[in-house]
């Protein structure tokens, strides 16, 4: 009786190939905002937020997109989340926001990002991604940091939502 050939198991490697987290991590300008948990937010501290658009979109300061942004920013404030000041640049937006707590900040920024993206896509007649990455937020914990944050946001032509009039600083 002939012997039957036995099939030996192939060892599975645990390295190489496509897998979550594989590859070189982005560095430099493409690194973006880290995907770790955000710090706990205290309602007494305003936050300086930056949102950057993807490459290839027209300037946010142009006559096409700026009125849409201004209207969306004005409508974004709620009881627990407020956009106090903002500055629109060609490829990013600076915001000074106030929120009651961590959840209000997160929900407010999520709603604002969606509201702005939908308005921009609607105006441009396009679909797809608008924001390059997650928002970058920095809490302003001392009076000096608040002063410097205000100066930074208001140093160019910027707007205050209470009047919606341009301010040159």
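Convex hull over the Cα atoms of the range 8-79, averaged projected area in nm²?
Seen from a random direction, the Cα hull of the range 8-79 projects 10.3 nm² on average.
How far, in degrees from 0 to 90, does helix 66-75 lean away from the longest principal axis of the Cα atoms of the chain, to the nearest 10?
Helix 66-75 sits at roughly 90 degrees to that axis.
In degrees, nearest 10, range 0 to 90: what is the angle between the Cα axis of helix 143-154 and the longest Cα principal axis of the chain?
The angle comes out near 90 degrees.
Based on alpha-carbon atoms only, what is the radius of gyration of the range 28-128 relative to the globular estimate 2.2 N^0.38 Å?
This ratio for the range 28-128 stands at 1.10.
Cut-off 13 Å, label point 7 angstrom out along Cα-to-Cβ of residue 79: give me the residues of the range 99-116 whose amide nitrogen falls inside.
Within reach of a label on residue 79, which here means backbone N under 13 Å from a point 7 Å along Cα→Cβ, the range 99-116 contributes 100.
From zero outward in steps of 5 Å, how is the percent of C-alpha pairs of the chain spread across the bins?
Computed distribution, short to long bins: 1, 7, 14, 17, 17, 13, 8, 4, 3, 3, 2, 2, 2, 2, 1, 1, 1, 0, 0, 0.
Springs between alpha-carbon atoms under 10 Å, Gaussian network over the chain: tell me which of 36, 149, 128 tops the mean-square fluctuations.
The residue with the greatest mean-square fluctuation here is 36.
Cut-off 10 angstrom, C-alpha nodes, Gaussian network model of the chain. Which of 37, 46, 58 fluctuates the most?
Sorting by GNM fluctuation, first place goes to 37.
How far, in degrees from 0 to 90, does helix 102-124 lean away from the longest principal axis of the Cα atoms of the chain, to the nearest 10?
Value to nearest ten degrees: 90.
Bear in mind these aren't lab numbers, they're just calculated from the coordinates by the rules spelled out. Being a predicted model, the structure only gives us computed values, none of them experimental. All Cβ positions, glycine included, derive from the backbone under ideal geometry; neighbour counts span all protein chains shown.
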